[in-house]
Amino acid sequence: MRRTCHQLSANNMQPLKSLNYAQRAALLHNLLITDIPDFLSFLYEYTETVQDKSAEIRKTWTEQPLVADLWISLASTIQKLLNERSVELHNQSQSFSELLFRDFEAIFSVHVLLKYIKKETTSAKFRQAAELLFI
């Protein structure tokens with residue numbers, strides 16, 4: 001049975017290794033909701049960078065198995081979500097996790113999350129939690 005993020009509670013906690021990306025993201029959001037706006041701002045900036053440099057990305061792309069057009073499309077999809085559902089993404093762990101950390105969007109969001117936690121300005125608690133959950 002596949003559990004959704006909102007079904008996780010202390011009564012039915014699973015080992016971290018058995019959680020999918022959406023469940024891990026929901027947990028991160030629930031634990032450190034005050035740090036989520038900074039991550040979402042970074043994510044938005046990253047989507048803008050991908051779109052601004054799309055021609056260059058297409059020419060130099062070497063990442064497999066993804067193709068450059070998929071990566072650029074994911075950036076566009078996530079940017080649209082950030083624009084249209086910003087309040088939900090900031091305030092609701094289920095929206096944050098289900099919209100940004102499911103399917104192909106998860107590949108993009110986790111990639112950006114791992115870049116974000118390398119920044120000096122990222123809070124130590126957020127960095128540690130993200131490392132525990134996603135590395």
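In order along region 31-42, the Karplus-derived 3J(HN,Hα) couplings, from 6.51 cos²θ - 1.76 cosθ + 1.60 at θ = phi - 60°, round to 6, 9, 4, 5, 8, 4, x, 5, 5, 5, 5, 5 Hz, and Gly and Pro are given as x. Short-range pairs are left out: with C-alpha atoms under 8 Å and at least six residues apart, the relative contact order of the chain is 34 percent. Based on every Cα atom in region 40-134, Rg and the maximum pairwise Cα distance Dmax equal 13.5, 38 Å. Scoring 50-63, 122-135, 24-37 by mean Cβ neighbours within 10 Å over their residues and listing the highest first yields 24-37, 122-135, 50-63.
In straight-distance terms, cross-link reach from LYS125 covers every one of the aspartates and glutamates whose alpha-carbon lies under 14 Å from its own, apart from those fewer than eight places away in the same chain; here that gives ASP35, ASP38.
None of the figures in this text is laboratory data; all of them are computed from the coordinates on show. Predicted, not measured: the structure shown is a model, and the values here were computed from it. Every residue, glycine among them, receives a Cβ derived from its backbone with ideal geometry; neighbour counts consider all protein chains shown.
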